[in-house]
Each structure stands twice: as C-alpha cells, then as structure tokens.
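The values are calculated or read from the model by the stated rules, or taken from the named source; none is laboratory data. All values derive from a computational prediction rather than experimental measurement. With ideal geometry, Cβ positions are generated from the backbone for all residues, glycine too; neighbour counts draw on all protein chains shown.
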Amino acid sequence: MGSDDAFTQTVLSSTEAAMSEAAPLAGDALQEGSTLGNYQLEQLLGEGSMGRVFQARHTRLGRQVALKVLRPEHAKDGGFVQRFFQEARTVNQINHEHIVEIFDFVDESKDGGHVYCVMELLRGQSLSALAQEEKLTLARIQRFVVQVCAALGAAHQVGVVHRDVKPDNLFVIHRGGQPDFVKVLDFGVAKLLTAERGTTNTVDGTIIGTPAYMAPEQAAGLPVDARADIYAVGNILYELISGNPPFQAAAFGHLVVQIITQAPPPLPSHLPSGEPVPPQLAQLVMRCLAKEPEARPQSLAEVTTALLMLPASSESLAPAPADVALEESERPTQEVQVAVTRRWHRQAVTALGTAALVVVAAVVTWSGMTPESAPALAPSSAPVAELPHSVLSTVVPAAEAPAAAARLSPPVTLTVRSFPEGAQVRRVDTGEVLGVTPLVKQVSGEAEPLRLRVELAGYAPLERLVDLGKHAELEVPLVKALPSPRKPPAAPPQRAASKKPRARTDTP
C-alpha cells in the first residue's frame, strides 16, 4: 500500500500539522470522527500499553493511513516520546519492503497536544491470528519466515536489532498479486547498535520485549545483538510448528527461569497441516533456540539458506503412483498421433500388439479349418500381409516389457510460483528455459528428480529438486541478493626508487 501511489505517499510535515487550529489537546478523548492534525479518524483498529492505532483519512489528499497515537500519560514523558520517535526514524533508516512504512512523525506535546506517527494502512491479519484460524503447511511457514528473515536481515545491516519479534508483530497482507506478503511491525523497542549512545540505546539491565519471545540474554537483562532476533525467529518457527511458544508460565519470574535454564520441549512429529516435520527443520529450530548466542546461526542469511534448502512440501517427497489418471479436461478430444504423449503411446502399443496377435491367431485358426483336399500354397506364391513398421517396432519381448514400461512415464503438469513473480525457471541439466513464473506447463514425466533453477534480477537464485513422477507444484520464496561488500581501492603501486648507476672505473 505504501508504494502504490507516489503522490499520495507525500503527507504534510509535522510543522503544518502542529499549526492546525483544530488540533485537540492530549487530554481530549479521541474517537471516530475526531480530527487530529490533517487527518480525520475513521475507525479504532487496536490499542496497547503505549497507545492506540486509528484508521484515518487525510482531509486534503483523501488518502487512508494508520495513525499510531501515544497515550496522553506517555506523551508527557520525554523518554516515551523519544522511544516513539525512534521507531519512525529506525523504520525509515532501514527502508525495506517487508517493514511497515512510516510517513511522518508529529509531536504536539509542547503545546499540550498529541504525539503520533503516520503509517501505511495495512489490510490483513497478524500471523498469530492466521495460525489460529488455518492449519499452515510447510510451504507457507517457509514463505512467512523467509520474508521475516529478509526484513530483519536488512535491519541488522544498518545496525538495528528489533528485540520484540513475535507473531503478533508480523502482519500478513496481499501485495501486488502476491499472497502471504509479510510486514514486520513495531520497531518501538528496537536498539541501534551503531548509533549515538544516550539517545536510542537502552541502559543495560533493562528488560524490554515480550517475555515469551525473549532470548536468554535478553530475559537476563544482558546486552543483546542481532542473535537475539535469530532466537526470536526460532521461537516463531517453534510456535508455527507446535501451536505454542516453547516456554509458558503464569508468572514472569518462572518464565524467565525456564528461558534461561531449561531446554525447549521436543517438537511434534507433524505440522498442524498433517505434514511430517523435516528433521532439518527441527534441527534448525533447536539451533536458533540455543542458550548461548555463539551456538546459534550467526546471521539470518544462514537461517534463510537452511529454510530454502527444505522441500517446498513433504508431498513432493512421496513416491509417485504407478499410474496417474488424467482428469476429463486433460483427455484429448480429437484424434492425435501415437507419439504425442507417452501415456497414449503406451496404450496404443498395447492395442496394436493385441490386434496383431488377434490377426495371427485368426490366420492360424483359418488355416486349421482348411479342407485337406485343398492344395497347399507355396510360401513364395502366397500373398503375405505385412504389419506396419510402427506396429512391429512396438512389439516388445516379454523380458524387456517391464523395463520399457518403467522408462515410459505419463505427462505431468508442473506448476512453479515464485514470490515475487516474474522469475525465470530453467532446467539445470540441459539449461532449457521452461518459462517465467507463475508457470503452469505440461512436461514429460521423469523417473529421477529434476533440478530446477529459479532466477530473478536483484534476488538470490535458488535451485530446487522436483519429483516429476506425478503432477508437481513448487513454491519458491526469493530473497533479495545482499550487496557485495565494497573493496577498498587498491593503493597505487609504489615505484621503486631509481638507483643511479655507479660509474665504473676500469683500472689498467
């Protein structure tokens, strides 16, 4: 939504908003229909300990936005206001498609007014609500978490640690025809690791975040770095797989003890969708949930790679059935050549072979019924009906029939979707380009798994194995390629000081 209209993304500055004559005071109760700065409040979307979020419309531009308004008691606290402003500045510093956009920050606290920020309006639901309503498949869990890793990885590149990553702060929307598009919310407690100290950093020993999703070092009030977010990603994976976070307790103190001292309970053997949990995924989750930061994956790029190496669906690993019945819509409606598809080729072979045997049997039977007085025909003078070469070539010896049948596989439908779309799908073995995603293509069945390469400019290429023993679907979440680190310019080669040749003195 934030990038749909470049013009309406422009909102009036905080200075103009503060000059609005109708600006309500912080003590005034905000409700639907109220005007705040240049925005008319339309609907209350939610509220929390820090403030409330309204759906609003710009009175001049007509653009719908979300207003996050700080509570009046917090608007008087300079620390809360600074933390609120930090979120707007941090999000704009990262500037990533999977992070909610913040257009403006308005501080009217000096005049007794409200403090709020103007954000893009998202239509969808949190990942927490989605996981409760639907039984998520392995492919969707993979797609969600890869996008979360991409957003947090971009934050880590500019020295920002989120510190409050949880399913409630992950919002799932439809964007540009892409389902399951994730937006990471609430950078209000993010920590800048490389910014100026004293303004955006919290004092060590302060526990900030949601207790159930804290890393052990975070729960203990110790300094944190990007590996605390990696722990939170493991927490999210654990919850999407099992339905609950790894540690739960009624009292905060008991919960902290569990997080710091106890190992996570084993994961279930199956996902909510009924698919088995791949061992590689279970191992990745437990690595992310390691107590010591050094024992976890050291970057989200490592987590992303491990996720992308998982199969898109456990169903693709199941053995192909002996024969796949085609739907009625896939059956040919007109006469076609035998060689069009291998399935019809095999049926034609059987039919023609049977017909040949019937002809031979009929000839033998007719010969046996011939009267004895009939003169025997010489072999050279008898007219011989020759079978077509195509029929003769299809008669397979009994010993070779099973091997030939194994080589002939029915055609299958290959469906490849990428997020984002427009990626090129290529066979790795032959280099043949099959098409561009979203791709739906009829291909010949293959006895061995086929390796495909999915490529899109600006994104890291990905190779996946697909089983073409049956109809196959492949979903590939792509992540943006990380820019290669710039190498310092090579120092110009230093010229060796020229040495003056010594004059030789020839002695007689």
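Return the residue satisfying two criteria in turn: it lies in segment 237-274 and is within 19 Å of Val165 (Cβ to Cβ) and hydroxyl-bearing (Ser, Thr, Tyr), and of such residues it is surrounded by the most Cβ atoms within 10 Å (Cβ to Cβ). If we take residues in segment 237-274 being within 19 Å of Val165 (Cβ to Cβ) and hydroxyl-bearing (Ser, Thr, Tyr), then Tyr238 is surrounded by the most Cβ atoms within 10 Å (Cβ to Cβ).
A Cβ distance below 9 Å, combined with a sequence gap of six or more or placement on separate chains, defines the contacts here; from segment 221-248, residues that are closer than 15 Å to Phe144 by Cβ and assigned by TED's automatic domain parsing to the domain that holds Pro211 reach residues that are surrounded by fewer than 23 Cβ atoms within 10 Å (Cβ to Cβ) and among the acidic types (Asp, Glu) in the pairs Ala232/Asp164. Under the condition of being in contact with a strand residue (DSSP E or B) (Cβ under 9 Å, 6 or more places away or on another chain), surrounded by fewer than 16 Cβ atoms within 10 Å (Cβ to Cβ) and at pLDDT below 85, the residues counted in segment 47-71 number 1.
Anything in segment 465-485 that is charged (D, E, K, R) and either at pLDDT below 80 or not in a loop (DSSP other than H, G, I, E, B) (or both)? List them, or say none.
Glu473, Glu475, Lys480 - these are the residues of segment 465-485 that are charged (D, E, K, R) and either at pLDDT below 80 or not in a loop (DSSP other than H, G, I, E, B) (or both).
The condition of being more than 14 Å from Tyr116 (Cα to Cα) and at pLDDT 85 or above does not hold for Gln93. Only helices (runs of 4 or more DSSP H) whose full extent lies in segment 199-281 are considered here, and the ones with at least 2 residues that are at pLDDT 90 or above and among the aliphatic types (A, V, I, L, M) are 226-242, 252-261.
Taken together, Ser109, Ser128 contain a single residue that is of a type in the set (Gly, Ala, Ser) and in the same structural domain as Pro179 (by TED's automatic domain parsing), which is Ser128. Which residue pairs have Cβ atoms closer than 9 Å, lie 6 or more positions apart in sequence or on different chains, and pair a first residue in segment 260-272 that is closer than 30 Å to Leu222 by Cα with a second residue that is assigned to a loop (DSSP other than H, G, I, E, B) and of a type in the set (D, E, K, R)? From residues that are closer than 30 Å to Leu222 by Cα, the pairs are Ile260/Lys291; Thr261/Lys291; Ala263/Lys291. Being under 16 Å from Asp186 (Cβ atoms) and crowded, with 22+ Cβ neighbours inside 10 Å is the filter here; which residues of segment 210-232 pass it? If the condition is that a residue be under 16 Å from Asp186 (Cβ atoms) and crowded, with 22+ Cβ neighbours inside 10 Å, then Tyr213, Met214, Gln218, Ala228, Asp229, Ala232 are the ones that fit.
Selection of segment 105-125 for residues being buried (at least 19 other Cβ atoms within 10 Å of the Cβ) and either among the polar types (S, T, N, Q) or in contact with a helix residue (DSSP H, G or I) (Cβ under 6 Å, 6 or more places away or on another chain) (or both) yields Phe105, Val106, Glu108, Ser109, Val115, Cys117.
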